[in-house]
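Chemist: Let me give you the structure first, and then I'll get to my questions.
The values are calculated or read from the model by the stated rules, or taken from the named source; none is laboratory data. This one's a predicted model, so the numbers in the text were calculated from it and none came from an experiment. Note that each Cβ is placed from the backbone with ideal geometry, even for glycine, and that neighbours are counted across all protein chains shown. With ligands, DNA and RNA removed, areas are computed over all heavy atoms of the protein, side chains included. Shrake-Rupley method; radii C 1.70, N 1.55, O 1.52, S 1.80 Å.
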Amino acid sequence: MSKSLDISTTEAEQTVTEVIDTIAATTPDVRRAVADYRGQSNSVNPTGDDQLAADLRADELFEQRVLDIDGVASYASEERAEVKTTDGRLHVAMDPLDGSSNLEPNSGMGTIFGVYTGQPPTVGTNLLAAGFVIYGPITSMVVARDGTVREYILEDGDKRIVDDEVSVPEDPTVFGFGGGVDSWTDEFESYAEDVRHELKLRYGGAMVADINQVLTYGGIFSYPALESRPEGKLRVQFEGHPMAYILESAGGRSSDGEQSLLEIEPDELHERTPLYLGNDDLIDRLEANMD
Ligand code: P6P
């Protein structure tokens, strides 16, 4: 039997595979929605971000199809206040369109997902799989499951493997820090001052693309604690946990400044956290700096 699950490991594995394939198969419709729904929606999501019509359309597409999967018990989304439940055993949490503010300038955007054994809000160690899609010059997908990270190119929603063992390069090259110098704490500002003399700046305003830079070239991505907002900007359940699972499966590390992001058990579904993800020595130095 699977850990803390009342279904067989085989059933859990089959459901994870179906979730991944369903998300991949939905990407052509999301890519079309991104082109067709560029306008504002005059609404905000539960954490106060402006919602584009494309955010809502992507959320609708994924919710319908993910909840149709037999083994899925619930669908949680950055775009909606409540978790939608049905029969099944595994729980899916998604950021349907990450970085949608990049839609207007036609920069990178994506989809983030996590498959949990417990219903969100839940601890990151309940993840069975996590991944993200990038709607870039090509549509690509990175998936972490069973300790391995794989990268696929998506063509008409079908996966074609391009890397069957993604790992963070040992020698870091890039860094990307959100929030802006004037909003950082003194501790982070001094850390950032060291890092910016060692690495190249790669910050594009969409976590999926910036994290993929770190997976490709090595380095660190952070949306840190801010003077005015110690909890930072990004969400534990929809961004922190999935990306931590991927980076740690690829030989990197994650932190909230003290511990792995996977150790965080959010009290609320849309809880935020400072987050630091990348090469282990860069995260070690960060945590020493934040003491
Ligand atoms: P800022 C996109 O809106 C997002 O949620 C993440 O994908 C990204 O890393 C961050 O916020 C960008 O925030 O403040 O730089 O616009």
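Chemist: As an exercise: evaluate Pro137 against (1) within 16 Å of the ligand (Cβ to nearest atom); (2) assigned to a loop (DSSP other than H, G, I, E, B); (3) free of Cβ contacts under 8 Å to residues at least 12 places away in the same chain and give the number of the one condition it does not meet.
Modeler: (1)
Chemist: Within segment 159-170, how many residues are in a loop (DSSP other than H, G, I, E, B) and open to solvent by less than 80 Å² (accessible area, probe 1.4 Å)?
Modeler: Residues meeting the conditions: 4.
Chemist: Quick one: is Leu282 within 14 Å of the ligand (Cβ to nearest atom) and either open to solvent by less than 10 Å² (accessible area, probe 1.4 Å) or touching a strand residue (DSSP E or B) at 6+ places or on another chain (Cβ under 7 Å) (or both)?
Modeler: no
Chemist: Would you check which residues across segment 171-228 are of a type in the set (D, E, K, R) and either crowded, with 20+ Cβ neighbours inside 10 Å or touching a helix residue (DSSP H, G or I) at 6+ places or on another chain (Cβ under 7 Å) (or both) and list them?
Modeler: Glu187, Glu189, Arg202, Asp210, Glu227
Chemist: Please go through segment 239-261 and give me each residue that is open to solvent by 20 Å² or more (accessible area, probe 1.4 Å), in a helix (DSSP H, G or I) and touching an Asp or Glu at 6+ places or on another chain (Cβ under 9 Å), ordered by number.
Modeler: Ser249
Chemist: Within segment 87-95, is even one residue closer than 27 Å to Arg160 by Cβ, touching a strand residue (DSSP E or B) at 6+ places or on another chain (Cβ under 6 Å) and open to solvent by 10 Å² or more (accessible area, probe 1.4 Å)?
Modeler: No; the residues of segment 87-95 include none that is closer than 27 Å to Arg160 by Cβ, touching a strand residue (DSSP E or B) at 6+ places or on another chain (Cβ under 6 Å) and open to solvent by 10 Å² or more (accessible area, probe 1.4 Å).
Chemist: Here's something else I'd like to know. If I ask for residues that are under 15 Å from Met207 (Cα atoms) and touching an Asp or Glu at 6+ places or on another chain (Cβ under 7 Å), which ones from segment 105-140 would you list?
Modeler: Matches in segment 105-140: Met109, Gly110, Thr111, Ile112, Ser140.
Chemist: Counting just the residues of segment 203-233 that are assigned to a loop (DSSP other than H, G, I, E, B) and within 12 Å of the ligand (Cβ to nearest atom), which one comes out nearest to Asp98 (Cα to Cα)?
Modeler: Here the answer is Ala206.
Chemist: Suppose we keep only residues that are aromatic (Phe, Trp, Tyr) and over 22 Å from Thr27 (Cα atoms) within segment 150-191. Which one would you say is nearest to the ligand (Cβ to nearest atom)?
Modeler: The extreme case among them is Phe177.
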